[in-house]
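S.K.: Below is the structure I would like to discuss, written out as structure tokens.
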Amino acid sequence: MLDRLTGLEVFARVAGAGSLSAAARALGMSQTMVTKHIAALEGRLGVKLFHRTTRRLSITEAGRNYLESSARILAELEAADAAVAADRVEPRGLLRLNAPVSFGTRQIAPLLAEFAARHPRVTVELGLNDRLVDLVEEGWDLAIRIGNLSSSSLIARRIAPCRIAVCAAPSYLKSRGTPRTVASLADHNCLGYTLSQRTPIDRWVFGAGADFSVQISGNLRANNGDALRAAAIAGQGIIHQPTFIVADDLRAGRLVALTLDQPNVELGGIYAVFLPDRHPPARVRAFIDFIAGRFAPEPPWDRELASPRGRGRATG
């Protein structure tokens, strides 16, 4: 069965050239194949598109009407092809980006004005939630994911480390004392994060090889790190949260990083993930390159942040 789209192209070329042979030369196919395409098109439509004699070929009234529709279809297809090709080269169009609530609000949203100034033809739709979204089913171009990634067909680019701080408000430490060891956390009011994919809600992990853990308990659990941060600042308890959430509070003294007998673990990393494609749209590549550049060589939230052990910068 001959391709219908090719048939339209052949028909339009024959009508424009006024000759089967001229159309064949322009299309790079044999005159016999051109004739077959025209015959197949006429057979499917049930009308004659051309009057043909040994000396002359002329378009019929039905052919002129069909040519008008065919030209419009081919022009729209060409425009669609050009638009897709342009999307591969120039950042433009709608970029649907999904990110965890706290990270998206604190670290992504403040950068969007700069990205828009660099790429004025891109419109960003930012979706914020802490569940694992399905890029295909929900139509996201790009997602930010934090932690150790599970195996999947998605392409992932690490854009920043994810360091952890154990901290509390000065008022809490004044009233309850300052823990000095991982084991002593069991005697404190520790506020748990309910969406952790790495450890149970009631267990925090420490050590360079994540080989030390402590069972914790407390009077608050939440599915959002900023909610736990707010409670900690109010003096409710100790939190175990990424530095991208608590860094500003540590610098300002609203929270104090604890010095324990084991180092904090690094929570995998922060990744940009997108669908497998040898040539992803330019808007996706541009945004990933942009945020990776803004977070390198060290993410802004960790710069000049004293480590929980009180030496140098925050460490994983």
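Please treat every number below as a calculation from the coordinates, not as lab data. Remember, it's a predicted structure, so these values are computed and weren't measured experimentally. Using ideal geometry, Cβ is built from the backbone for each residue, glycine included, and neighbour counts are taken over all protein chains shown.
S.K.: Give the residue from ALA230, VAL136, GLY43 lying farthest towards the positive end of the charge dipole for the chain; charges sit on Cβ (+1 for Lys and Arg, -1 for Asp and Glu) and the dipole is referred to the Cα centre.
M.R.: Sorting the options by dipole projection puts first GLY43.
S.K.: Assign unit charges at the C-beta atoms only (+1 for Lys and Arg, -1 for Asp and Glu), then state the dipole size of region 4-89 relative to its Cα centre in Debye, rounded to the nearest 20.
M.R.: My answer is approximately 500 debye.
S.K.: Report the residues of region 282-298 in range of a label on ILE155: point 7 Å along Cα→C-beta, backbone N strictly under 16 Å from it.
M.R.: Once the point is set 7 Å along Cα→Cβ of ILE155, 282-292 turn out to lie under 16 Å by backbone N, inside region 282-298.
S.K.: Further question: Considering all alpha-carbon pairs of region 4-89, what whole percent are spaced by more than 15 angstrom?
M.R.: In whole percent, the share of Cα-Cα pairs in region 4-89 beyond 15 Å is 59.
S.K.: Simple spin-label model, 7 Å along Cα-to-Cβ: ARG118 to HIS51 in nm?
M.R.: Taking the two extended label points, one gets 6.4 nm.
S.K.: Apply the a/c threshold of 1.5 to the C-alpha gyration tensor of the chain and tell me whether it is rounded, prolate or oblate.
M.R.: prolate
S.K.: While we're on this one: Which listed residue (ASN219, ALA160, PHE206) has the Cα farthest towards the positive end of the charge dipole for the chain, taking +1 on Lys and Arg C-beta and -1 on Asp and Glu C-beta about the Cα centre?
M.R.: Going by the Cα projections, it comes out as ALA160.
S.K.: How would you classify region 164-257 from its alpha-carbon gyration tensor, with a ≥ b ≥ c the square roots of the eigenvalues: rounded for a/c under 1.5, else prolate if a/b is greater than b/c, otherwise oblate?
M.R.: The shape class here is rounded.
S.K.: Hey, if you put +1 on the Cβ of every Lys and Arg and -1 on every Asp and Glu Cβ in region 4-89, which of LEU74, LEU27, THR53 ends up farthest toward the positive end of that dipole?
M.R.: Value computed over the given set: THR53.
S.K.: Hey, another quick one. Mind putting a number on the dipole of the chain about its Cα centre? Charges go on the C-beta only, +1 for Lys and Arg and -1 for Asp and Glu, and I need it in Debye to the nearest 20.
M.R.: Around 560 debye, computed over the chain.
S.K.: For n ≥ 4 DSSP H runs only, could you compute -39500 (n - 2.57) per run for the chain, divide by its residues and tell me the 222 nm figure to the nearest 500?
M.R.: Calculated from helices alone, the mean residue ellipticity at 222 nm is -11500 deg cm²/dmol.
S.K.: What whole-number distance in Å separates the alpha-carbon centres of region 94-120 and region 187-223?
M.R.: Spelled out, the Cα-based centre of one part sits 30 Å from the other.
S.K.: Next question, about the same structure. Count the DSSP beta bridges whose two residues both fall in the chain, then state the antiparallel fraction as a percent rounded to the nearest 5.
M.R.: Of those bridges, close to 65 percent are antiparallel.
S.K.: Additional query: So if we plug the beta-carbon distance of GLU304 and LEU195 into 1/(1 + (r/R0)^6) with R0 = 25 Å, what FRET efficiency do we get, rounded to 0.05?
M.R.: Working from the Cβ atoms, E equals 0.25.
S.K.: Arranged from highest to lowest average of other beta-carbon atoms within 10 Å per residue, in what order do the peptides 252-258, 62-68 appear?
M.R.: Packing order, densest peptide first, comes out as 252-258, 62-68.
S.K.: Between ALA183 and ARG25, what length comes free when the chain is fully extended (0.36 nm per residue of separation minus the Cα-Cα distance, one decimal in nm)?
M.R.: Stretched fully, the ALA183-ARG25 segment lengthens by 48.5 nm.
S.K.: How do 241-248, 260-267, 220-227 rank on mean C-beta neighbours within 10 Å, highest first?
M.R.: Result, highest mean Cβ count within 10 Å first: 241-248, 260-267, 220-227.
S.K.: Please list, ordered by chain and number, the residues whose modelled amide H lies under 5 Å from the amide H of ASN223; skip anything fewer than 5 residues away on the same chain.
M.R.: Answer set, sorted by chain and number: THR194.
S.K.: With +1 on each Lys and Arg Cβ and -1 on each Asp and Glu Cβ, and nothing else charged, work out how big the dipole of region 164-257 is about its Cα centre, in Debye to the nearest 20.
M.R.: The dipole of region 164-257 has a size of about 140 debye.
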